[in-house]
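The values are calculated or read from the model by the stated rules, or taken from the named source; none is laboratory data. Fair warning: this is a prediction, and the values are worked out from it, not measured in the lab. Heads up, the Cβs are rebuilt from the backbone with ideal geometry, glycines too, and the neighbour counts pull from every protein chain shown. The area values use the complete protein model at the heavy-atom level, side chains included, leaving out ligands, DNA and RNA. Shrake-Rupley method; radii C 1.70, N 1.55, O 1.52, S 1.80 Å.
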Amino acid sequence: MSYIDGFVIAVPTANRDKFIEHARTLDPYFLEHGATRVVECWGEDVPEGKVTDFRRAVQATSEEAVVFSWIEWPDKTTRDAGMEKIMNDPRLSPEKTPMPFDGKRMIFGGFLPVVEVGK
C-alpha cells in the first residue's frame with residue numbers, strides 16, 4: 001500500500017521557468033529520502049467553480065497559475081521518516097533554495113489510497 005502527499009499552490013505565471021528549475025532541484029531529494037515518484041503539474045484547464053475551486057483554494061490571482069503536485073511513498077512510515085529528513089536537510093533551506101511562490105498559500109495533506117485502477 002502506498003502513501004501520497006498532495007499539494008496545490010499558486011505560482012506567478014512569470015515564474016514558470018523558476019518553478020520548474022526549483023522542482024528539478026528539490027524533487028530528487030524526495031527520491032533520495034524514500035519517495036518513489038514526484039509529479040509536478042502546471043495548471044492548463046483549471047476552471048472557476050460556482051462554490052469553490054482550485055484557484056480560490058490557494059487565492060490565485062489572474063497573474064498566477066495553479067500547480068497540482070504529488071509525492072508517492074511506499075508507505076506512511078517511509079513518508080514520515082523521509083519528510084523529517086527533508087525538513088532537516090541543510091541543502092534545502094529557504095536561503096539556499098528559495099521558493100518561487102508564496103508558501104503560505106500552499107495547501108497540502110497526506111492521503112492513503114483506497115481505490116487504484118490501472119498501472
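Residue by residue, here is whether (1) in contact with a helix residue (DSSP H, G or I) (Cβ under 6 Å, 6 or more places away or on another chain); (2) closer than 17 Å to residue 15 by Cα holds:
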| site | (1), (2) |
| --- | --- |
| 61 | no, yes |
| 64 | no, yes |
| 70 | no, no |
| 73 | yes, no |
Just name the residue that is least open to solvent (accessible area, probe 1.4 Å) out of those in region 37-58 that are under 21 Å from residue 104 (Cα atoms) and part of a loop (DSSP other than H, G, I, E, B).
58
Suppose we keep only residues that are assigned to a loop (DSSP other than H, G, I, E, B) and in contact (Cβ under 8 Å) with a residue 40 or more places away in the chain within region 65-97. Which one would you say is nearest to the chain's Cα centre (by Cα)?
97
Restricting to region 1-26, name every residue that is crowded, with 17+ Cβ neighbours inside 10 Å and either among the charged types (D, E, K, R) or in a loop (DSSP other than H, G, I, E, B) (or both).
5
Region 59-74 - residue that is open to solvent by 50 Å² or more (accessible area, probe 1.4 Å) and not hydroxyl-bearing (Ser, Thr, Tyr) and, of those, farthest from residue 105 (Cα to Cα)
74
